[in-house]
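The values are calculated or read from the model by the stated rules, or taken from the named source; none is laboratory data. Keep in mind it's a predicted model, so treat the numbers as computed, not measured. We place every Cβ from the backbone using ideal geometry, glycine too, and count neighbours over all the protein chains shown. Remember, those area values only see protein heavy atoms, side chains included, never the ligands or the DNA or RNA. Shrake-Rupley method; radii C 1.70, N 1.55, O 1.52, S 1.80 Å.
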Amino acid sequence: MSKLLTINLLQRVVVAVAGIPFLLWLINVGGVWFSGFFSLLALLAVYEFHHLAAHKASPPPLWLAVLITLLFQLDFAFHLVEVWELLLAVVLFLFVLELFSKEGSPLLNLGSVFPGLLYVNLTFGALLRLRLDAPEGSGVAMVYLLFLCVWAADIFAYFGGSTLGGKFIRRKLFERLSPHKTWEGFLFGLAGSVSAALIYGNFFPSLPLNTALMTGLLIGVASPAGDLVESMFKRDAGVKDSSGLIPGHGGVLDRFDTIMFVSPFLYFIAFYL
């Protein structure tokens with residue numbers, strides 16, 4: 001293992017040791033602490049997405065993207081208006097604002113800002129609603145399971161891919177966007193997620209075991225997609241990391257990409273299954 005990889009791994013371990021207990025506490029306490037912290041992450045994620053968009057177009061000002069994100073997160077936390085009403089107002093406002101822009105292409109400018117605003121706000125919004133509003137008090141258990149399965153999938157995929165990647169299946173998982181991802185890493189990640197769900201479902205029976213296993217399977221299958229979606233935007237912008245905010249991990253988009261991507265799926269499981 002190279003010196004650079006060793007340092008990166010050490011940074012990841014230090015951040016995990018400090019961050020995991022804090023996140024578990026936030027999930028347990030909920031309320032304004034949970035919504036406040038993840039709303040802050042949403043603001044940082046939109047800042048990072050705006051930085052990516054600025055490589056390809058002339059999006060609306062950063063302060064406006066941050067303000068819109070704050071409105072969305074407050075709405076998800078406190079049910080101020082229907083989300084679709086706020087979304088409609090934002091879309092119409094940005095269309096009118098673009099009439100006064102003298103830089104770049106309107107299609108590119110608007111096309112660069114909407115993916116970030118929608119993806120970041122709707123996914124973090126789903127996480128907020130999952131924790132705060134899930135029926136029969138299942139939100140705490142579902143969010144615990146979400147993070148545990150994602151962490152297990154990441155750890156198993158990292159070490160499984162590093163050790164056995166390419167030795168059995170030479171074709172890469174999705175080489176165009178992520179040349180280092182292997183099928184072995186994916187399968188190890190899937191096994192890690194399902195194992196974490198099985199352990200959680202047996203030892204913490206706050207969720208039915210079949211729900212826990214279905215969630216673990218879904219997270220294991222969908223985890224790579226969250227990372228690939230972010231890689232798609234980073235490659236298009238020509239950057240390696242969304243930012244350098246979190247040592248060893250990059251930015252909020254880099255660290256929470258999978259959490260963001262799978263949160264809506266768990267929201268639908270909690271509310272409709």
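Here are the numbers for this structure:
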quantity	calculated
Spatial extent of region 29-122: Rg and Dmax, with the Cα atoms as the point set, Å	13.7, 47
Compactness of region 121-171 - radius of gyration and Dmax, Cα, Å	16.3, 46
Computed accessible area, Ser243, all protein chains, 1.4 angstrom probe, square angstrom	30 Å²
Sequence of Trp151, Trp84 from largest to smallest accessible area, 1.4 Å probe	Trp84, Trp151
Full-extension gain in nm, Ser101 to Thr163, via 0.36 nm per residue minus C-alpha separation	17.2 nm
For region 94-154, Kirkwood radius (reciprocal of mean inverse C-alpha pair distance, Å)	14.4 Å
Relative intensity, log₁₀ I(q)/I(0), of region 106-258 from a Debye sum that treats every alpha carbon as a point, q = 0.18 Å⁻¹	-1.16
Sequence-distant lysines (8 or more away, or on other chains) whose Cα lies within less than 25 Å of Lys181	Lys3, Lys167, Lys172, Lys234, Lys240
Rounded accessible area of His55 (nearest 10 Å², 1.4 Å probe)	90 Å²
Rg(Cα)/(2.2 N^0.38 Å) for region 215-273, N = residue count	1.26
For the chain: accessible area per residue (Å², 1.4 Å)	52 Å²
Rounded to the nearest 10 Å², the accessible area of Val229 at probe 1.4 Å	40 Å²
Efficiency of FRET from Cβ geometry, Asp241 and Leu209, R₀ 41 Å, rounded to 0.05	0.60
Kyte-Doolittle mean at least -1.0, axial Cα span of 27 Å or more - DSSP H helices of the chain	3-29, 31-53, 106-133, 139-164, 183-203, 209-237, 252-272
Choice from Gly220, Gly104, Gly161 showing the highest fluctuation, given a GNM over the chain with Cα pairs closer than 10 Å	Gly104
For the chain, calculated [θ]222 nm from helices alone, where every DSSP H run of n ≥ 4 adds -39500 (n - 2.57)	-26500 deg cm²/dmol
Percent breakdown of C-alpha pair distances by 10 Å bin, ordered from the shortest bin, for the chain	7, 27, 34, 23, 8, 1
Accessible area of region 118-273 belonging to carbon and sulfur atoms, whole % at 1.4 Å probe	67 percent
Dimensionless Rg/Rh of region 42-93 - Kirkwood Rh, Rg from C-alpha atoms	1.01
